[in-house]
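Working notes, beginning with the structure itself.
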Amino acid sequence: MEEFQVKDKTLAPQGHLQIEWASAHMPVLNQIKRRFSKEKPLNGLTLGACLHVTKETAVLVDTLMAGGAKVALCGSNPLSTQDDVTAALAEKGVHVFAQRGQTTEEYYWCIDKVLDYKPLITLDDGADLVGTLHSKRAEELANVKGGTEETTTGVIRLRAMEKAGNLKYPIIAVNDAYTKYLFDNRYGTGQSTIDGILRATNTLLAGKTFVICGYGWCARGIAMRAQGMGANVIVTEVSPLRALEAAMNGLRVMPIAEAAARGDIFVTATGDINIIRKEHMQKMKDGAIIANSGHFNVEISLKDLEDLSTAKRTMRPNLEEYTLKDGRKLYLLSEGRLVNLAAAEGHPSEVMDMSFANQALCVEYLTKTAKMPPKVYTVPKDIDETVAELKLKAMGVKIDELTPEQKKYLATWEMGTI
Ligand SMILES: NC(=O)c1ccc[n+]([C@@H]2O[C@H](COP(=O)([O-])OP(=O)(O)OC[C@H]3O[C@@H](n4cnc5c(N)ncnc54)[C@H](O)[C@@H]3O)[C@@H](O)[C@H]2O)c1
């Protein structure tokens, strides 16, 4: 069997340095790696992973291999793979099939290569690997004991599969751990989305009108950081609760149909489809910049943008200029794929430290536990708390402990006003 397929093996030395840099900022995962090296909880097991192939993912793979696992890995997006990292991973003996800038066909070919290794546990980001296994290779489902899912969109797809009675093995929703979404989705996406926009455009945010579609965990982070750099932020939402929260956080909230004419920069982060469409593009200012940070490239209607345009030019890497029939120009970043990974490097290592610590501990949990019914599970609370404790320790932050009196007080109901 083919052992790996990467873009350029000579990029390995740079990849090793990148992984070393990430690892130096991932103390929780390193602590788990040290324990895994001694205890070998994954000895002889094959894991199949479909994750953004970044330097941080490489540190997760190192950790799983330290635990004794064999790892087959492909990318979870055609435009997010870091080619120097794949070269280094291939040298480390990882069965890696990933390359930046793939066609959809090549992307699914890589998923198939990973599945050829017959993984016992799957690690997914967006549920494309799980979807392929359930639809095209259903006869192999019996080999799989369980899986993990990294992102909101993947969890939504898996819950839909569970509801329809189609999910055939248990999957832990890593995304829904407190130590994941509160930090990765909020601070990770917040910072790295701004990073992606700046690397692609080098535009000034101060004084700009910055429209964010959605006010979920990712969008909250993006709003916070855009505001911090002096942008005037407008939020569009469909949830009254989240719209209310945005309004009380001092942001302007309005429908996208109204925001379209006001924005200088637009970012979608909803996990939903066709948020920015033809009727919105028709109202946009000349020079407006449009980007997406949600999982799939479906949030901005690329078809509508193409239909409205008479010409298209690549101005810089990850920056496409579309000239509309009336002469206005709109700028699309990273083909509408998640801008933080396609135009920048994804979340900072410090954040992925927690997300991937949850991944490593959940994989260990799945291998140790008797096979569970095929449902979507939340991350066990003790894993979530362990990750928080280890992170605090690494940050040198100490906290209080409940006194016996406080424990008793919190467990009783008799004491009221005194
Ligand atoms: N770029 C990254 O690195 C990264 C990281 C984590 C998650 N994600 C992805 O980002 C997306 C959002 O994740 P999240 O955790 O913030 O989800 P979330 O569920 O917390 O938030 C999504 C928000 O979008 C809103 N929404 C849905 N349809 C809308 C519409 N038509 N108009 C306006 N708002 C709408 C929802 O009401 C909700 O508040 C998902 O696709 C997720 O997988 C990306």
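Only the coordinates and a few stated rules stand behind these numbers; no lab work does. Source: prediction; values computed, not measured. When we count neighbours, we look across all protein chains shown, and the Cβ atoms used for this are built from the backbone with ideal geometry, even at glycine.
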Apart from one, (1) in contact with a Pro (Cβ under 7 Å, 6 or more places away or on another chain); (2) without any contact (Cβ under 8 Å) to a residue 24 or more places away in the chain; (3) among the hydrophobic types (A, V, I, L, M, F, W, C) all hold for A72; the odd one out is (2)
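Could you tell me whether the stretch 202-216 includes any residue that is touching a residue at least 12 places away in the same chain (Cβ under 8 Å), assigned to a helix (DSSP H, G or I), within 11 Å of the ligand (Cβ to nearest atom) and buried (at least 20 other Cβ atoms within 10 Å of the Cβ)?
Kept after step one, since they are touching a residue at least 12 places away in the same chain (Cβ under 8 Å), are these residues of the stretch 202-216: 203, 205-216.
So of that shortlist, the ones also assigned to a helix (DSSP H, G or I) come out as none.
Scanning the stretch 202-216 turns up no residue that is touching a residue at least 12 places away in the same chain (Cβ under 8 Å), assigned to a helix (DSSP H, G or I), within 11 Å of the ligand (Cβ to nearest atom) and buried (at least 20 other Cβ atoms within 10 Å of the Cβ).
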Return yes when T386 is among the β-branched types (V, I, T), away from the ligand (no atom under 16 Å from the Cβ) and over 20 Å from V28 (Cα atoms) and no when it is not.
no
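Here's the yes/no breakdown for (1) more than 16 Å from the ligand (Cβ to nearest atom); (2) assigned to a loop (DSSP other than H, G, I, E, B):
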{"residue": "V298", "(1), (2)": "no, yes"}
{"residue": "D304", "(1), (2)": "no, no"}
{"residue": "L330", "(1), (2)": "yes, no"}
{"residue": "V351", "(1), (2)": "no, no"}
{"residue": "Y365", "(1), (2)": "yes, no"}
{"residue": "K371", "(1), (2)": "yes, yes"}
Subset of the stretch 37-58, residues in a helix (DSSP H, G or I) and touching a residue at least 24 places away in the same chain (Cβ under 8 Å), comes to S37, E39, K55, E56, T57, A58
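Can you find a residue in the stretch 315-326 that is at positive phi, surrounded by 15 or more Cβ atoms within 10 Å (Cβ to Cβ) and either among the β-branched types (V, I, T) or in a loop (DSSP other than H, G, I, E, B) (or both)?
Residues of the stretch 315-326 that are at positive phi, as a first pass: 318.
Add one more test, that the residue is surrounded by 15 or more Cβ atoms within 10 Å (Cβ to Cβ), and what stays is 318.
Checking which are either among the β-branched types (V, I, T) or in a loop (DSSP other than H, G, I, E, B) (or both) leaves us with 318.
Within the stretch 315-326, one or more residues are at positive phi, surrounded by 15 or more Cβ atoms within 10 Å (Cβ to Cβ) and either among the β-branched types (V, I, T) or in a loop (DSSP other than H, G, I, E, B) (or both).
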Of (1) more than 27 Å from Q31 (Cβ to Cβ); (2) buried (at least 22 other Cβ atoms within 10 Å of the Cβ); (3) touching a residue at least 24 places away in the same chain (Cβ under 8 Å); (4) in contact with an Asp or Glu (Cβ under 8 Å, 6 or more places away or on another chain), L79 satisfies every one except (2)
Note on E39: of the conditions (1) surrounded by 17 or more Cβ atoms within 10 Å (Cβ to Cβ); (2) over 26 Å from L338 (Cβ atoms), unmet is (1)
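Name the single residue, out of those in the stretch 349-383 being over 21 Å from G190 (Cα atoms) and either without any contact (Cβ under 8 Å) to a residue 12 or more places away in the chain or hydroxyl-bearing (S, T, Y) (or both), that is surrounded by the fewest Cβ atoms within 10 Å (Cβ to Cβ).
A370
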Per the filter on the stretch 100-159, residues within 21 Å of the chain's Cα centre (by Cα), free of Cβ contacts under 8 Å to residues at least 60 places away in the same chain, crowded, with 18+ Cβ neighbours inside 10 Å and in a loop (DSSP other than H, G, I, E, B) are Q102, A127
Query - Residue within the stretch 25-36 that is assigned to a helix (DSSP H, G or I) and closer than 27 Å to P317 by Cα present - result: no
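With respect to I276, determine if the residue is under 29 Å from L51 (Cα atoms), within 16 Å of the ligand (Cβ to nearest atom) and either crowded, with 16+ Cβ neighbours inside 10 Å or of a type in the set (K, R) (or both). First the steps, then the outcome.
Values: under 29 Å from L51 (Cα atoms): yes; within 16 Å of the ligand (Cβ to nearest atom): yes; either crowded, with 16+ Cβ neighbours inside 10 Å or of a type in the set (K, R) (or both): yes.
Criteria met by I276.
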